[in-house]
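Data block below; observations after.
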Amino acid sequence: MVPLNSIQNSGSGTENEPFIVYRNPRMIGKENKHLRFVCMSDTHNDIDKIHIPHGDVFIHCGDAVNHRTSSRDIVRFNDFVGQLSHKYKIFISGNHCVCLNPKRPDKSQKLLTNMIYLQDQLIDIEGVGIYGSPWRPKRGCFYRAEAFGYDSKHIREDKWSKIPDGIDFLLTHVPPYSIRDYNSSTEEQLGCPDLLDEIVTRIRPRIHLFGHMHSCYGASSYKSEDNRILEGDQFQTDSNDILFVNLAIHQGMSYAKSTVIDYYY
């Protein structure tokens, strides 16, 4: 068992100080393959205003557009991503992506020609398992940006239970309950409790990436040894913790930074 008082902290998720995560912490110091992931979410038509570092894999966790103009803007987003130098580009939908049909992911993939579109799908990128699922508990019929809203009574059985365990990366748009999901205007935590329970009791990815809650951008780690959630921008490389990252870039009049992760496996 990895000790609680791990002495090696590494990275803050920036281009110069990326999060460094090992699939198996026991392999630290040994020869490993690795990929650099450059990650973001909730750019809402402003991706061209954000610095995107070079890397191997580009990930966007939804809401690249605004719901009122999504049909037009998703084309612009696809064109922009096509100009990026990353070898792999991955996208999942968000609640503003009303132009994407939840029942026809094949049509969404045909529209998003410059990236891999994931909807309840596992892919292998050079030996790294990545699963993407865009769903979130439905808010109600009067909420217009309601793409991929799902009945909260059935979302676990129909969606979260289908996520395979032991994957490297899990991509969702919605946060898990209590982890970077606080809505300051309503003073509520709006993450999904069923998603949290599935993640920490069964799925146990090394990294969970999400967005949606703009005010909660940043990283937290889940201490597997004593079930604690630690807020902050430091991740202990030599641990079995799950790294949770809220990638929501758009901060009103300003923008957060892309999150950079070096993943060794």
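The values are calculated or read from the model by the stated rules, or taken from the named source; none is laboratory data. Treat the numbers as computed from the prediction; the structure is a model and nothing was measured. FYI the Cβ positions are ideal-geometry reconstructions off the backbone, even for glycines, and counts take in every protein chain you see.
Observations
Residue-wise test of (1) out of contact with any Ser or Thr (no Cβ under 9 Å at 6 or more places or on another chain); (2) hydroxyl-bearing (Ser, Thr, Tyr); (3) without any contact (Cβ under 8 Å) to a residue 24 or more places away in the chain.
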position	(1), (2), (3)
LEU122	yes, no, no
GLY129	yes, no, no
PRO134	no, no, no
TYR150	yes, yes, yes
ARG156	yes, no, no
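- Taken over region 233-259, the criterion of being assigned to a loop (DSSP other than H, G, I, E, B) and either under 17 Å from the mean Cα position of the chain (by Cα) or at pLDDT 80 or above (or both) is satisfied by ASP233, PHE235, ASP241, LEU247, ILE249, GLN251, GLY252, MET253, SER254, ALA256, LYS257, SER258.
- Among the conditions (1) without any contact (Cβ under 8 Å) to a residue 24 or more places away in the chain; (2) within 16 Å of the chain's Cα centre (by Cα), MET40 misses just one, which is (1).
- Per-region count, region 183-198, residues in contact with a Pro (Cβ under 6 Å, 6 or more places away or on another chain) and either buried (at least 22 other Cβ atoms within 10 Å of the Cβ) or acidic (Asp, Glu) (or both): 3
- Check on CYS97, at pLDDT below 95 and not polar (S, T, N, Q): yes
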